[in-house]
Amino acid sequence: MTAPTGGGAAPAPAHAADAGTLWRPSAPCTPRNCVEPAVRTRALPWAVLRVTALLLLLAAGLTVRLATAPLGVRLPPGPVRHWCRWVVRAAGVRVRIDGGAVPGTGVLIVARHVSWLDVPLLAAVRPARMLAKWEIRSWPVAGRLTALGGALFIDRDRIRALPGTVARIAGALRSGAAVAVFPEGSTWCGRAGGRFRRAAFQAALDAAVPVLPVRLRYRVSGGPPATLPAFVGDDTLLGSVWRVVRARGLSAEVEVRAPLVADPTTDRRALAGAAERAVGTPGDAVLAGEDVLAGDGMPRAGVTA
C-alpha cells in the first residue's frame with residue numbers, strides 16, 4: 001500500500017493539481033504515491049488492542065447518542081471534547097492543542113483535510129456540526145455517529161442543491177452552532193493541499209459569524225509533517241485506521257488560529273483566501289505573529305501562539 005520514501009527524508013515529489021471539478025474536488029494523492037510507511041511499528045497484539053479500544057469508545061459514544069437523541073438532549077461540550085481526545089489517543093496518537101480562545105457563539109471552523117482523525121481533532125477544539133459528503137452516512141458506526149451529531153450532509157452529485165446547502169449552513173450558524181467544514185472538498189496527503197472552495201464562506205457571510213481557521217499537522221517522533229495518517233485515493237477506512245494504530249511515535253498538532261471577522265466589503269473569495277493563508281501551506285511552518293489578512297478588505301489578525 002505504501003512506497004518506501006526513507007521516512008520522509010527524500011525530497012517530496014511534485015503533486016498534480018486538483019483532479020476534480022469545481023463541484024466535486026478530487027485530490028491526486030494516493031496511498032502508493034504519497035503515504036509514507038511507519039518507520040517504527042507496534043507489535044501486532046498491541047495494535048489489535050488499540051483497534052479494540054477505538055471500537056469500544058466509538059460504540060460507547062454511539063450508545064450515549066442513541067439514548068439522548070430521542071429526548072432532544074444536547075450533550076455538554078466539555079465531555080464531548082474529552083471523548084474526542086480519547087478517540088484519537090486510543091488510536092495511539094498523542095494530541096497537542098495550542099492557540100487562542102474559541103468563539104462560543106456561531107462560528108465556521110475550517111481546516112485542511114488529511115485524515116479521518118481530523119474530525120475528532122476539530123471536535124476536541126469545539127464540538128460542531130460537520131459538513132459531510134452524503135456517502136459517509138453509510139459508514140459503519142462512524143456514519144451513524146456523524147448523523148446523530150447533527151451533520152449537514154451534502155450531495156456532491158446535485159449541483160442544484162448547493163444554494164440549499166449554503167442556506168442550511170447559514171441557518172445553523174445563526175442559531176449559535178459551530179459548523180466544521182473542510183473547504184478543500186477532498187482529503188489530501190498533508191504534503192500538498194487543494195484550494196479552499198468558497199460556498200461555505202458565503203454561509204458565514206450570510207450569517208455574519210466569524211471564521212475560525214484551524215491548522216492540523218501530523219508528525220512522527222517530532223519529525224517533519226508526516227503523511228502516514230492520510231486517508232486518500234483508493235485507501236480504505238480500515239486500511240488507514242490499521243496503518244495509524246500500527247505506527248509508533250505519531251502525534252497530532254492542532255493550532256487554533258485567530259478568528260477572521262469580515263467587514264461589509266468582504267466577499268467569499270477574500271474570506272476563503274484569508275482562511276487558506278491562515279492554515280498555511282501543507283508541510284510548511286507558519287510563523288507566530290504572521291499577518292494573514294493584509295490586503296483583502298478585512299482587519300488584520302495575527303496568529304495566536
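The figures follow:
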quantity: Filter result (part of a helix (DSSP H, G or I) and either polar (S, T, N, Q) or in contact with a strand residue (DSSP E or B) (Cβ under 6 Å, 6 or more places away or on another chain) (or both)) within the stretch 25-58; calculated: Asn33, Thr52
quantity: Every residue from the stretch 60-86 that is at pLDDT 90 or above and either of a type outside the set (A, V, I, L, M, F, W, C) or open to solvent by less than 70 Å² (accessible area, probe 1.4 Å) (or both); calculated: Ala60, Pro76, Pro77, Gly78, Pro79, Val80, Arg81, His82, Trp83, Cys84, Arg85
quantity: Search result, residues across the stretch 207-243 that are among the aromatic types (Phe, Trp, Tyr) and in a loop (DSSP other than H, G, I, E, B); calculated: Phe231
quantity: Test result for Leu55, among the aliphatic types (A, V, I, L, M), free of Cβ contacts under 8 Å to residues at least 60 places away in the same chain and open to solvent by 40 Å² or more (accessible area, probe 1.4 Å); calculated: no
quantity: Only one of Pro127, Pro163 that is at pLDDT 85 or above and outside any loop (DSSP other than H, G, I, E, B); calculated: Pro163
quantity: Residue within the stretch 210-219 that is buried (at least 17 other Cβ atoms within 10 Å of the Cβ) and more than 17 Å from Val254 (Cα to Cα) present; calculated: yes
quantity: Test: residue in the stretch 232-254 that is farther than 22 Å from Ala132 by Cβ, out of contact with any strand residue (DSSP E or B) (no Cβ under 9 Å at 6 or more places or on another chain) and open to solvent by less than 10 Å² (accessible area, probe 1.4 Å); calculated: yes
quantity: Number of positions in the stretch 87-131 that are buried (at least 19 other Cβ atoms within 10 Å of the Cβ), more than 23 Å from Ala278 (Cβ to Cβ) and more than 15 Å from the chain's Cα centre (by Cα); calculated: 4
quantity: Residues (of a type in the set (D, E, K, R) and either open to solvent by less than 40 Å² (accessible area, probe 1.4 Å) or under 20 Å from the mean Cα position of the chain (by Cα) (or both)) located in the stretch 22-41; calculated: Arg24, Glu36
quantity: Residue count, the stretch 233-262 (criterion: closer than 18 Å to Val95 by Cβ and of a type in the set (Asp, Glu)); calculated: 2
quantity: Subset of the stretch 177-209 (residues that are over 30 Å from Gly223 (Cα atoms), open to solvent by less than 30 Å² (accessible area, probe 1.4 Å) and of a type outside the set (A, V, I, L, M)); calculated: Phe201
quantity: Selection from the stretch 99-119 of residues that are modelled with pLDDT under 95 and outside any loop (DSSP other than H, G, I, E, B); calculated: Gly99, Val119
quantity: Which numbered condition Thr227 misses (of (1) open to solvent by less than 30 Å² (accessible area, probe 1.4 Å); (2) β-branched (Val, Ile, Thr); (3) under 22 Å from Thr105 (Cβ atoms)); calculated: (3)
quantity: All positions within the stretch 255-273 that are part of a loop (DSSP other than H, G, I, E, B) and open to solvent by 10 Å² or more (accessible area, probe 1.4 Å); calculated: Ala258, Pro259, Val261, Ala262, Asp263, Pro264, Thr265, Thr266, Asp267
quantity: Residue in the stretch 189-205 that is at positive phi and touching a strand residue (DSSP E or B) at 6+ places or on another chain (Cβ under 9 Å) present; calculated: yes
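The values are calculated or read from the model by the stated rules, or taken from the named source; none is laboratory data. As the structure is a prediction and not an experimental result, all values here were calculated from the model. For neighbour counting, all protein chains shown are included, and Cβ atoms are generated from backbone atoms with ideal geometry for every residue, glycine included. Ligands, DNA and RNA are stripped out before the accessible areas are found, and what is left, the full protein with its side chains, is counted by its heavy atoms. Shrake-Rupley method; radii C 1.70, N 1.55, O 1.52, S 1.80 Å.
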